[in-house]
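Here the structure is laid out as structure tokens; the discussion comes afterwards.
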Amino acid sequence: MRRDSTTLTPESDIAAFRSAMGCFPTGVALLSRGSGAAASVVTVNSLTSVSLDPLLLLVCLKSDSRMVRRVSEAGSFAVNVLDETQRDLSALFARPDRPSGEPAMRLLDAVEGVTGNAVLPSAAAFFECRLHAEYAGGDHMVFLGRVVALHRSTPDRRPLLFHHGRYAALA
């Protein structure tokens, strides 16, 4: 293996790590906890399928996020996969002053799902989960959710992507 500054970086080089991870495109989703006046919603792009038996998915949230305590205490959450027409929702719910409660429900045209969490019928897909396990992972909490309900829209929906630090689209 060739060793130069482009292949090896110090462990503490956060900027290099973020830049290299930016080479991996991700989808964008909204994680929700609660509905109605108790709705909390945040943008995430760390969503991964983990298991088919049982159906498990993984999401990560910054440890100091308000949502961590809410998900942990309630034991459930929903993940709403956004399509490329929902970029404005992604940006809005990534902000620290994002809406919550009834205003969030109205903005999203969300409804209460079977787990009591907000789901977006307009999303490309949504997954309702019961908390299966949670783990500390550095400055993030890793949540494994057992999927108890899901919905998929039509297959022609194009996903909202994030790549190299900005939104992207399929060619």
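The values are calculated or read from the model by the stated rules, or taken from the named source; none is laboratory data. Just so we're clear, the structure is a prediction, and the values are computed from it rather than from any experiment. Using ideal geometry, Cβ is built from the backbone for each residue, glycine included, and neighbour counts are taken over all protein chains shown. Ligands, DNA and RNA are excluded from the accessible area calculation, which covers all protein heavy atoms including side chains. Shrake-Rupley method; radii C 1.70, N 1.55, O 1.52, S 1.80 Å.
Number of residues in segment 124-171 that are in contact with a helix residue (DSSP H, G or I) (Cβ under 9 Å, 6 or more places away or on another chain), over 17 Å from residue 68 (Cβ atoms) and of a type outside the set (Gly, Ala, Ser): the value is 9. Here are the criteria: (1) touching a residue at least 12 places away in the same chain (Cβ under 8 Å); (2) farther than 19 Å from residue 38 by Cα. Tell me which single one residue 104 does not satisfy. Failing condition for residue 104: (2).
Confirm whether residue 164 is more than 16 Å from the chain's Cα centre (by Cα) and crowded, with 18+ Cβ neighbours inside 10 Å. Taking the combined requirement at face value, the residue does not satisfy it.
Every listed requirement among (1) closer than 27 Å to residue 100 by Cβ; (2) in contact with a strand residue (DSSP E or B) (Cβ under 7 Å, 6 or more places away or on another chain); (3) among the β-branched types (Val, Ile, Thr) is met by residue 85 save one, (2).
Is it true that some residue in segment 29-46 is open to solvent by 80 Å² or more (accessible area, probe 1.4 Å), more than 22 Å from residue 124 (Cα to Cα), touching a residue at least 40 places away in the same chain (Cβ under 8 Å) and part of a strand (DSSP E or B)? No.
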